[in-house]
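Let me begin by presenting the structure, written as structure tokens, before commenting on it.
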Amino acid sequence: MSNIGDLVRNPNSAEDFLKFILYNGYQYLHEVTAELGSFVKNGFLKALFDKGPQAMDKAQLLVKTFGNTLRFVQVVG
């Protein structure tokens, strides 16, 4: 699979991103489907859209779910 990181740094990134998806569409679709499936399995989407009285703060839920990823992006980015 191509390196999308090279495309992101390109000033024409929107066009290049679409080219990346065109050439790697099946792999991209597979990975997105797997991620969405994991959000359904672990209850993330249900918790995110819960309107009940026990609903978790959305910001807290996002930090709980993606906190380690966000820290990694801040360090690397």
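The values are calculated or read from the model by the stated rules, or taken from the named source; none is laboratory data. Small disclaimer: the values here were computed from a predicted structure and weren't measured. Reconstructed Cβ throughout: ideal geometry from the backbone, glycine too, with neighbour counts over all protein chains shown.
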Please go through the range 42-55 and give me each residue that is surrounded by fewer than 12 Cβ atoms within 10 Å (Cβ to Cβ) and either touching a Gly at 6+ places or on another chain (Cβ under 9 Å) or in a loop (DSSP other than H, G, I, E, B) (or both), ordered by number.
Asn42, Gly43, Phe49, Lys51, Gly52, Pro53, Gln54
Filtered residue count, the range 57-77, keeping only those that are closer than 15 Å to Phe39 by Cβ and at pLDDT below 80:
2
